Amino acid sequence: MNPNETVIDRFYTAFQQLDGKGMAACYHETIHFSDPVFPDLRGPAAGAMWQMLCANAKDFELRYSGIRADDTHGTAHWEAEYEFSATGRRVHNRIEATFGFQEGKVIRHQDEFSFWKWSIMALGPVGLALGWSPMLKNKVRRQAAAGLKKLMNA
């Protein structure tokens, strides 16, 4: 196994255990993370985001597979099932992840998933009707950013 495949495996093993600090330890200090909800997190904010998500997880299950990595790039597939805390609705999100590495740590991490499909599961009829719209995506982004800012300022 390539050492960077081991880093990805360690990251998702920590996630399965809801160990946000363990996940953050896999990140380089200048990490750049992006996904449809958190499009531009850098440095400590990226690790704090995972700590926030782990701390708030309800009825959580994570599976991952397809880890591939070389000396500079990596990929993985992961699926999370959980209760979305804001609505109590069950979500089964399927994510494709890409990674960049530097000095044995993740320096770039991008997760891709369908925001519309996620919003249907998490928000129900509102997600079905508006999940495709920038208005709803921006509202979810603002709420998520506010939660992260509150955690980081605590």
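The values are calculated or read from the model by the stated rules, or taken from the named source; none is laboratory data. These numbers come from a predicted model, not from an experiment. Backbone-built Cβ (ideal geometry, glycine too); neighbour counts: all protein chains shown.
Applying the condition of being under 15 Å from the mean Cα position of the chain (by Cα) and crowded, with 19+ Cβ neighbours inside 10 Å to segment 63-81 and asking which residue is nearest to R141 (Cα to Cα) yields A80. Every condition in (1) in contact (Cβ under 8 Å) with a residue 60 or more places away in the chain; (2) farther than 25 Å from A146 by Cα; (3) aromatic (F, W, Y) holds for F38 except the one numbered (2).
Within segment 28-54, how many residues are more than 18 Å from E112 (Cα to Cα), in contact with a helix residue (DSSP H, G or I) (Cβ under 9 Å, 6 or more places away or on another chain) and not small (G, A, S)? Matching residues across segment 28-54 total 5.
Confirm whether G47 is crowded, with 17+ Cβ neighbours inside 10 Å, at pLDDT below 95 and at negative phi. Answer is no for this residue. In summary, M49 fulfils each of the numbered conditions (1) within 30 Å of A129 (Cβ to Cβ); (2) free of Cβ contacts under 8 Å to residues at least 60 places away in the same chain; (3) of a type in the set (A, V, I, L, M); (4) out of contact with any Gly (no Cβ under 8 Å at 6 or more places or on another chain) with the single exception of condition (2). If you scan segment 1-23, which residues turn out to be surrounded by 19 or more Cβ atoms within 10 Å (Cβ to Cβ) and either outside any helix (DSSP H, G or I) or hydrophobic (A, V, I, L, M, F, W, C) (or both)? Passing the criteria: V7, I8, F11, A14, F15, M23.
Going by what's in this entry, would E79 be described as of a type in the set (D, E, K, R) and under 27 Å from P3 (Cβ atoms)? Considered against the rule, which asks whether it is of a type in the set (D, E, K, R) and under 27 Å from P3 (Cβ atoms), E79 comes out as yes.
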